Amino acid sequence: MFVGDTGIVQLDRFRDALCAWLEENTGRLEPLIPGITLAEEVRRSRHNQQQLYEAGWSRYGWDELVGGLGGSPLMRAVVAEEAMIRDLLHGSSFAITEVVLPSLVTAAPHLARQYGPGLLRGVEGWCQGFSEPDAGSDLASLRCRAIDRGDHWVVTGQKIWTSYAQFAQRILLLTRTGTPESRHRGITAMLVDLDTPGISVRPLQAMSDRPEFSEIFFDGVAVPKERLVGELDGGWGVAMNMLRSERGGIFWMLSASLLSRLASLVREAPPGPADDELIGHCFLSIAALRTRSWSTQHRIAEDSMTTPETSIDKILMSTAEQELFDVALRLLGGRIEFSSDPDADRWRSGYFYSRAASIYGGTAEIQRTIVADQLLGLPRSR
Amino acid sequence: MSAPGLYADVHRSFAAALAHDDPATARRNLLDAGWLDALEADEAMAVAIVFRVQGARPCHAGVLDDVMIKRLAPSWPVFDQEVAVTYPIAGRGRSPSGETHAVFAARRDVSRILYVSDTAGEAIELLELTAPLEGRSGLGVEADGQLLMLTGYPRGTVVARLTAEHRNAWDEALAAGRVALAHQLVSSASVMLHLAVEHARNREQFGEPIGAFQAVKHRLADAMVAISAANAAAVAAATTMSQTAAAVAKALAGRAADRAATHCLQVLGGIGFTAEHRFHRYFRHHLVLDRLLGDHHEIARELGGQLRSGALDAERVVTLADPFQLELFETLTRHDTP
Ligand SMILES: Cc1cc2nc3c(=O)[nH]c(=O)nc-3n(C[C@H](O)[C@H](O)[C@H](O)COP(=O)(O)OP(=O)(O)OC[C@H]3O[C@@H](n4cnc5c(N)ncnc54)[C@H](O)[C@@H]3O)c2cc1C
């Protein structure tokens, strides 16, 4: 309907029709209103994902393998953007779909076919098990071990800071299959069911008092061989592809959400003319993310964007998000620090979460080093 | 939409035309190379290429006037190519010698000027000059005789005044001018970055190239991030041509150039501070460009005021339905690193 004979997608018509549907169907959607728990936010987000899937909207831009209707990946970004600014999605848990699914379609089509639709429909949640207590920025040093037992692996080790694992059914896990010294050459990715015996998930309270992530213990966990994602020892490439796709559609969605948060901040805590420069610069930082993301979306769709280039988007994202909540802290004049009404709670959790934007998904320092080494070609340090 | 390689050809021809120290000659060459036809046929491409070349040289061939007049002429048909624009520069502190406006020296022989009192579009007049344009060049940071500073109201008679019915045209002209300047700032900033990266690769201290030090890497990475965002913003604004997107592009470009100037000078060290190294020409150039048609702090204030009034409540700056020209984008990115 929105994909013409030439294959050219009529994005503006698509968006208009989507917006009209969102308008007419407010009755079956459950917005993430202030004052609800994180668990309730995640539940509502998945409910809304399910509605969008059943009406077809969130199936556009996805491969048929995962229940998609085909078309440009730009369509996915449009759906996420419009849903997000209406507070229908919990952005950071919804993000996993964009992180994992595109890579799964290419690296493990059989798994994408079997499990992808459940994720896309929002009937289940997944999480991303990369970081470990001793492997943060230095991801290639990870140790969670997978031992070959013929028709299955046995996984033993620990993951940490795994976002929303306590709400998830499956985990995209990076394991060590090579020697401990093999670094990025000896890592294998697999999709593991979190209800497999031997796995325990312990939610961790974040500084915001919300359980934003978990630690996960694997004690002799049997994983069937067909759960392999990509090649044996090819997990690093899979992980790099995931970082690239995360920084596509999700950042586009985020840029729209930051613009609307800024507008609502200005309504809720009216600034004076003396604040014009402050809020204007904040608008500019969000617009920097948004215009860059616009070019990134198009370049990813035309397959002309490399993973290191997306480090630029990551830096712009964390800068814009932190600047917005810095401004919120100032303009709200004490509400974040001293109040506990639903609106204040919401600004506070956003404020706290924004503090992590320069840590998760590769820290600000790691991103700058990638830009310097891989994009500017500066010499590696000895 | 274009034959492969067209962008690169246009770039080569405009760059050759502008490779002349005398701004009036550079302008004549550019007109001969078909600049005005290109502006008519494909504004996004023509403007991007010409202004990027100007930023990389750096020079001013008075082409900003053409871009602005193209927007004003249809609804206010008193214009032709022989009109030069005066750009207001008066800030909060008045200089005792009274400079109020800049005119591109490439246009010093015109017979008519558009006298712009302020960028908001209040009190704009078209003057028929009754005496040659009087102005001084070589003032301030501008040393190459590319600008002429006016110190008083020029001698001439008012032919026409911009009235309320032309306000939209002025807003469009301002937007088009800001997009053009954004391109020029992006390429000047890119040259600064390029000079600093070259230096960081080759200059050794403590037995290592200084580019291996993380403090140096991160400064240059920050400059690249700011320039990349400004680059995308300029291309996006050229596509949407909305006033907000144009304001964003100009301000992000000014901000990026400011960051690039600071970080790159730091990395260049002593040699960057000399008049002998060509870095200072770009440093000076970006100071001038940032001021024209609103510097980045001024534009931030402008946007802040609009935010407060609710005018930006539904603003998205750019949408995915806005078409993206991959070939133009890649050509620009390639040529920005000389
Ligand atoms: C809210 C949140 C959600 C997360 N979600 C997930 C998830 O879902 N899945 C997952 O796998 N992980 C997740 N993480 C983990 C995240 O990816 C790591 O925190 C991150 O990679 C940094 O690792 P670290 O915390 O061990 O810090 P470290 O790597 O120990 O870094 C500490 C500091 O040292 C700096 N540093 C380290 N190495 C260098 C270097 N070479 N040069 C310069 N500076 C350096 C860092 O930049 C940082 O400032 C999440 C983290 C947070 C905060």
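Principal-axis analysis of the Cα atoms of chain A puts helix A:109-120 at an angle of about 30° to the longest axis.
Residue by residue through region A:260-267, which ³J(HN,Hα) values in whole Hz follow from phi under the Karplus form 6.51 cos²θ - 1.76 cosθ + 1.60 (θ = phi - 60°), with glycine and proline marked x? Per residue, the Karplus-derived 3J(HN,Hα) values read 6, 5, 5, 4, 6, 4, 5, 6 Hz.
In the P(r) worked out for region B:151-307, what percent of Cα pairs fall beyond 23 Å? Cα-Cα pairs in region B:151-307 separated by more than 23 Å: 46 percent.
Tell me: how much accessible area in total is hidden between B and A, 1.4 Å probe, Å², nearest 100?
On the way: alone 15810 and 17280 Å², together 28420 Å².
The contact between A and B buries close to 4700 Å².
For chain A, the normalised intensity computed at q = 0.07, 0.13, 0.15 Å⁻¹ comes to -0.31, -1.14, -1.50 (log10 of I(q)/I(0), Debye sum over alpha carbons, equal scatterers, no solvent). Taking all Cα-Cα distances within region B:8-69, those exceeding 17 Å account for 24%. Centroid-to-centroid, using Cα positions, region A:23-68 and region A:75-132 are 12 Å apart. With the alpha-carbon atoms of region B:216-338 aligned to their principal axes, the span from lowest to highest coordinate is 48, 34, 26 Å, starting with the largest. In chain B, the C-alpha radius of gyration followed by the widest Cα-Cα span (Dmax) gives 19.9, 68 angstrom. Once the Cα-Cα distance is subtracted from the 0.36 nm per residue extended length, the B:Arg167 to B:Leu31 segment shows a gain of 46.1 nm. As a calculated quantity, the FRET efficiency between A:Arg113 and A:Asp12 at R0 = 51 Å, using C-beta atoms, amounts to about 0.95.
Kindly state, as a whole number, the per residue volume in cubic angstrom of the convex hull around the alpha carbon atoms of region A:1-100. Please report the intermediate quantities before stating the final value.
On the way: hull volume 9.6 nm³, N = 100.
Output value, Cα hull per residue: 96 Å³.
Counting, for every residue in B:195-207, the Cβ atoms of other protein chains within 10 Å of its Cβ and taking the mean gives 1.
Net charge around A:Ile312, counting only other residues with Cβ within less than 11 Å of its Cβ (Lys, Arg = +1; Asp, Glu = -1)? Mind showing how you got there, number by number?
Details: positive: A:Arg247, A:Arg292, A:Lys314, A:Arg368; negative: A:Glu309, A:Asp313, B:Asp222.
With Lys, Arg at +1 and Asp, Glu at -1, the net is +1.
Projection of the Cα convex hull of region A:272-336, averaged over all directions and equal to a quarter of that hull's surface, yields 5.0 nm². The residues neighbouring A:Arg59, those whose beta-carbon lies less than 13 Å from its own, together hold a net charge of -1 under the Lys/Arg +1, Asp/Glu -1 convention.
Within 10 Å of each Cβ of B:295-307, how many other protein chain Cβ atoms are there on average? Mind showing how you got there, number by number?
Details: counts 0, 4, 4, 2, 4, 9, 8, 3, 9, 14, 6, 4, 12.
Average neighbour count from other chains, rounded to a whole number: 6.
Calculated mean residue ellipticity at 222 nm for chain B: -17500 deg cm²/dmol, from DSSP H runs with n ≥ 4 weighted as -39500 (n - 2.57), summed, divided by the residue count and rounded to 500. Mean silhouette area of region A:64-208, derived from the convex hull of its C-alpha atoms and averaged over all directions, reads 10.3 nm². When its C-alpha radius of gyration is set against 2.2 N^0.38 Å (N residues), region A:123-248 gives a value of 1.00.
Based on Cα contacts under 8 Å between residues 6+ apart, chain B shows a relative contact order of 18 percent. Between A:Thr179 and A:Asp151, the contour length at 0.36 nm per residue exceeds the Cα-Cα span by 8.0 nm. Normalised by the number of residues in region A:51-178, the average gap of Cα pairs under 8 Å and 6 or more apart makes the relative contact order 20 percent.
Per residue, the accessible area of chain A comes to 39 Å², computed with a 1.4 Å probe over protein heavy atoms only. With Cα atoms as the point set, the radius of gyration and Dmax of region B:1-120 evaluate to 15.6, 54 Å. For chain A, the longest principal axis of the Cα atoms and the long axis of helix A:310-331 meet at an angle of about 40 degrees.
Normalised by 2.2 N^0.38 Å, where N counts its residues, the alpha-carbon radius of gyration of region B:223-286 equals 1.30.
DSSP finds beta bridges in chain A, and of those with both partners inside it, around 85 percent are antiparallel.
For region A:243-369, what number results from the quotient of the Cα radius of gyration and 2.2 N^0.38 Å? Numbers along the way, then the final one.
Details: Rg = 15.4 Å, N = 127, 2.2 N^0.38 = 13.9 Å.
That ratio works out to 1.11.
Dimensions of region A:179-222 along the principal axes, based on C-alpha atoms and rounded to the nearest Å, stand at 39, 25, 16, largest first.
Using the Kirkwood radius over Cα pairs, work out the Stokes-Einstein diffusion coefficient for region A:84-148 at 10 °C and 1.306 mPa s, in µm²/s as a whole number.
Working: Rh = 13.9 Å.
Using the Kirkwood radius from Cα pairs, D works out to 114 µm²/s.
Figure note: A:Lys225, A:Lys314 ranked by solvent-accessible area, largest first, 1.4 Å probe, ligands and nucleic acids not counted: A:Lys225, A:Lys314.
If one takes the longest principal axis of the Cα atoms in chain A, at what angle in degrees, from 0 to 90 and to the nearest 10, does the Cα axis of helix A:74-85 lie? Here the helix axis deviates by roughly 50 degrees.
Distance from the Cα centre of region A:180-223 to that of region B:46-90, in angstrom? Between the Cα centre of region A:180-223 and that of region B:46-90, the gap is 60 Å. Remark: mean inter-chain Cβ contacts per residue of B:320-330 equal 5, using a 10 Å Cβ-Cβ cutoff to other protein chain atoms. Within chain B, helices built from complete DSSP H runs that reach 15 Å or longer along their own axis (Cα positions) and carry a mean Kyte-Doolittle hydropathy of 1.0 or higher are B:43-56.
Tell me the net charge near B:His263. Cut-off is 13 Å between Cβ atoms, B:His263 excluded, with +1 for each Lys or Arg and -1 for each Asp or Glu. Result for the neighbourhood of B:His263: +3. A viscosity of 0.692 mPa s and a temperature of 37 °C, combined with the Kirkwood radius over C-alpha pairs in the Stokes-Einstein formula, give the protein assembly as shown a diffusion coefficient of 120 µm²/s.
Where the accessible area of region A:337-382 is counted over protein heavy atoms with a 1.4 Å probe, how much of it, in %, is carbon and sulfur? Result for region A:337-382: 55 percent of the exposed heavy-atom area is carbon or sulfur. Within region B:1-79, what whole-number % of the accessible surface is contributed by carbon and sulfur, with the 1.4 Å probe and all protein chains included in the calculation? Here carbon and sulfur together make up 56 percent of the probe-accessible area.
The values are calculated or read from the model by the stated rules, or taken from the named source; none is laboratory data. Just so it is clear, the structure is predicted and the values come from calculations on it, not from any experiment. FYI the Cβ positions are ideal-geometry reconstructions off the backbone, even for glycines, and counts take in every protein chain you see. Each accessible area value is taken on the protein alone, full model and side chains, heavy atoms only, with ligands, DNA and RNA left out. Shrake-Rupley method; radii C 1.70, N 1.55, O 1.52, S 1.80 Å.
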